[in-house]
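A quick write-up on the structure given underneath.
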């Protein structure tokens, strides 16, 4: 009479395969469905999460008059809108070590022509644009190209400039790395 049950080895193989399939789902499909709430402090994580759904080249474009941040692709196609009511100003560091307000030409997104308050780009899978922001509390935020999950906060302009010079991350223009 033959044994109609599974051997111990067959059971271990089946359980191992189930664990592998569950792990693959959890770390790929399950991770891409995470909903990360937007905040200025987690812009990089937000863009990384959005890139799993859309593409690696994304931009956050802030339109202060409507208090909206648009998530767009590299062709300015609207993907998502985020309500954001705080005033922020983008700056660039010029050669004479002075911070100047970044001015943009008018762009069109979803039928609106406007001058963005700031644009933050995810250039490819691992690289972001440099970004220097000032909020109404007079805090300076510096988002570095090379550190994917961090930003630095400063109390004044001179602290920020000294930090950038000291770390040799001198972005002559707060935009795409050269």
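Quick note: the coordinates plus some simple rules give every number you see, no bench work behind them. Note that the structure is a prediction, hence the values are computed from the model and not measured.
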### Task
Quote to one decimal, in nm, the extra length available between residue 42 and residue 159 on full extension: 0.36 nm per residue of separation minus the C-alpha distance between them.
39.9 nm
### Query
If you bin the C-alpha pair distances of the stretch 38-167 every 5 Å from 0, what whole percents do you get?
2, 10, 21, 23, 21, 14, 7, 2, 0
### Chain lengthening between residue 136 and residue 101 when straightened (0.36 nm per residue, less Cα-Cα)
11.2 nm
#### Entry: Segment residue 12-residue 24, extension gain: residue separation times 0.36 nm, minus the distance between their alpha carbons
2.5 nm
